[in-house]
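Step one of this worksheet: look at the structure below.
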């Protein structure tokens, strides 16, 4: 699948250029610990005097939240192409209505709970559309914008199932699809990681929450250190 994707298509995707502000995303299957690590990173960054905005996908806008409700509570099977375009529609609105405006404010970090890599994993691989189809759907601005850094919290489908049982919450449209679906999701995230090696950092989320948090903080500090040398701020170092 990877070999069928032209390099010029991959090269369309760029991180936004807002000196002093950063766009971060978290990815992973259910139970990977995204929500916990996002909350911990928010606290860490706020102590460094960043403004932090957390957004979820689909969602983050009135339009996106209505789409989220429709998708996750769907009573009938959605065509995978319909799914892909619905997620892309929500993503476009969130980028234009919220994200780009927020990143234009100095010392801001926008953190997404899921982004394009979820589309590559869920609709591209698990639902069979193919990675190229997903990237082509995202081939126009602002959908060509990608985070400066993506944390892929990797766990096995078995760990995911175990953690979901411990959580004991009702399963939504995707969560109820079973083990084979989750195996395909892991394959999809691995593919995304191979396509965007410099952006996606894969972390072993089978380890303790504290260990994962420390690895995230280390990567964030490295990212912050790469800001332009002429950037003037009162951030803590």
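Laboratory data are not the source of any read-out in this text; all were calculated from the coordinates shown. Bear in mind that the values here come from a model prediction, so they are computed numbers and not experimental data. Because the Cβ atoms are built from the backbone with ideal geometry, glycine has one as well, and the counts that use them run over all protein chains shown.
Remarks
- For the chain, the longest principal axis of the Cα atoms and the long axis of helix 157-167 meet at an angle of about 80 degrees.
- Stretched out straight at 0.36 nm per residue, the stretch from residue 66 to residue 14 would grow longer than its current Cα-Cα span by 15.9 nm.
- Relative to the dominant Cα principal axis of the chain, helix 179-195 is inclined by about 40°.
- Packing-based exposure ordering (other Cβ within 10 Å, fewest first) of 181, 50, 87: 181, 50, 87
- Gaussian network model of the chain, springs between alpha carbon atoms under 10 Å - residue of 128, 28, 178 with greatest fluctuation: 178
- Here segment 26-132 is described by how far its Cα atoms reach on the three principal axes: 45, 28, 28 Å, from widest to narrowest.
- Based on C-alpha pairs under 8 angstrom that are at least 6 apart in sequence, the chain has a relative contact order of 33 percent.
- Tilt relative to the chain, helix 62-72 - C-alpha long axis, 0 to 90 degrees, to 10: 40
- Summed over qualifying helices (DSSP H, 4 residues or more, each -39500 (n - 2.57)) and divided by its residue number, the chain shows a 222 nm mean residue ellipticity of -13000 deg cm²/dmol.
- In segment 1-52 the Cα-Cα distances spread across 5 Å bins starting at 0 as 4, 14, 16, 15, 17, 15, 11, 6, 2 percent of all pairs.
- From most to least packed by mean Cβ count within 10 Å, the peptides 77-83, 221-227 give 77-83, 221-227.
- Using the Cβ-Cβ distance between residue 78 and residue 180 with R0 = 25 Å, the FRET efficiency computed as 1/(1 + (r/R0)^6) comes to roughly 0.85.
- The distance from the alpha carbon centre of segment 205-219 to that of segment 1-74 is 18 Å, rounded to a whole number.
- For the chain, radius of gyration divided by Kirkwood radius, i.e. Rg to Rh on alpha-carbons: 0.95
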